[in-house]
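The values are calculated or read from the model by the stated rules, or taken from the named source; none is laboratory data. What you see is a predicted model, and the numbers here were worked out from it, not measured in a lab. Note that each Cβ is placed from the backbone with ideal geometry, even for glycine, and that neighbours are counted across all protein chains shown.
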Amino acid sequence: MKEFSKKLLSTVLTLGVVLGYSCLASAKDNTAITTINSTDKAGIQLTINDFFNIEKESLLNENLIDSSKITTNEELRKSYNAENKFNILWDQKLNEKITSYNYNIKYDSFQLKNGNCIVNARRDRSIVSNNFPGIVQESSDEKFSFVLGKKDNNWYIDSYANSEDDGFDKGQVSLEAVKPQVTNERSSKWEQNLQNIDKLVSDFKNITLNKDKEILIERLKKFRESPSFIPTTFDRL
């Protein structure tokens, strides 16, 4: 099933990080914010909901949706689009289509810092695909931390981190979200995954079709030791 396949691919891919060094790109001309009123909170939640909804609609429609309304950070937009594009192509190459996709966002905290708002949230999600129509694939309490800035009365995401695709421990997500290099690292990872997608799909098929446990374990060991793979965790479980 897809849940098994996504987890298995995540195991296959080794831990490798391409470091990037650039300043955290905040929304320009940030309005000085000292308190979060109900209007600001609603605007922040709207932007974050759009972040998750663009991902959902891109997968359901198998078409990349413009993300300029959620961020003014070009590098973040590039990495976000690359991840969504990879997941679309992955499903297409496996002849898998998402037929149902539902999610719920739970907001844990809103914190003002240096004119930005740091938001901690959790996502629950359920997915059904055509390959396994009778199976609901579910995930819960996936941790996200967003850094948002305000520009022209709108809130935009400057940076974010999560516990699944980024591979961070849930307790570290909020700390990682504010690091300058987190967006560049994600962008490099997904761009390389896109370049290697045919090989990743082929390797994945070879492993999942192999019924010999000992051979499977040996292959996983070799994959873990290979420096050529960039890690990717599929959170659509």
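Under the condition of being farther than 14 Å from K189 by Cα and of a type in the set (S, T, N, Q), the residues counted in the range 67-84 number 5. Of the set (1) at pLDDT 75 or above; (2) exposed (fewer than 14 other Cβ atoms within 10 Å of the Cβ); (3) in a loop (DSSP other than H, G, I, E, B), all apply to K205 but (3). Taken over the range 160-176, the criterion of being buried (at least 19 other Cβ atoms within 10 Å of the Cβ) and out of contact with any Asp or Glu (no Cβ under 9 Å at 6 or more places or on another chain) is satisfied by S174 alone. Among the criteria (1) part of a strand (DSSP E or B); (2) closer than 23 Å to L46 by Cβ; (3) not charged (D, E, K, R), the one T99 does not fulfil is (2).
Restricting V119, V136 to residues that are more than 17 Å from W190 (Cβ to Cβ), part of a strand (DSSP E or B) and free of Cβ contacts under 8 Å to residues at least 60 places away in the same chain narrows the list to V136. Exactly one residue out of G149, G171 is at pLDDT 80 or above, out of contact with any Lys or Arg (no Cβ under 7 Å at 6 or more places or on another chain) and either of a type in the set (G, A, S) or assigned to a helix (DSSP H, G or I) (or both), and it is G149.
Residue-wise test of (1) in contact (Cβ under 8 Å) with a residue 12 or more places away in the chain; (2) among the small types (G, A, S).
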residue	(1), (2)
K143	yes, no
I157	yes, no
N162	yes, no
D169	no, no
S174	yes, yes
A177	yes, yes
S188	yes, yes
E191	yes, no
I207	yes, no
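Restricting attention to the range 88-120 and to residues that are more than 17 Å from the chain's Cα centre (by Cα) and of a type in the set (D, E), the residue that is farthest from W155 (Cα to Cα) turns out to be E96.
Each row is one residue, and each column tells you yes or no for (1) polar (S, T, N, Q); (2) outside any helix (DSSP H, G or I); (3) farther than 30 Å from D203 by Cβ; (4) modelled with pLDDT under 95.
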position: V17; (1), (2), (3), (4): no, yes, no, yes
position: D29; (1), (2), (3), (4): no, yes, yes, yes
position: L46; (1), (2), (3), (4): no, no, yes, no
position: K78; (1), (2), (3), (4): no, no, no, yes
position: E83; (1), (2), (3), (4): no, no, no, yes
position: N87; (1), (2), (3), (4): yes, no, no, yes
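This table checks each residue for (1) among the small types (G, A, S); (2) within 30 Å of T35 (Cα to Cα).
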| site | (1), (2) |
| --- | --- |
| K69 | no, yes |
| E83 | no, no |
| N87 | no, no |
| T99 | no, no |
| N102 | no, no |
| D108 | no, yes |
| G115 | yes, yes |
| V136 | no, no |
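One residue alone among N130, N154 is touching a Gly at 6+ places or on another chain (Cβ under 8 Å) and surrounded by fewer than 21 Cβ atoms within 10 Å (Cβ to Cβ), and that residue is N154.
Which residues, counting only those in the range 158-191, are of a type in the set (F, W, Y) and touching a Phe, Trp or Tyr at 6+ places or on another chain (Cβ under 8 Å)? Across the range 158-191, the qualifying residues are Y160, W190. Just wondering, is there one or more residues in the range 60-69 that are part of a loop (DSSP other than H, G, I, E, B), modelled with pLDDT under 95, among the acidic types (D, E) and closer than 16 Å to K150 by Cα? No, the conditions are met nowhere in the range 60-69.
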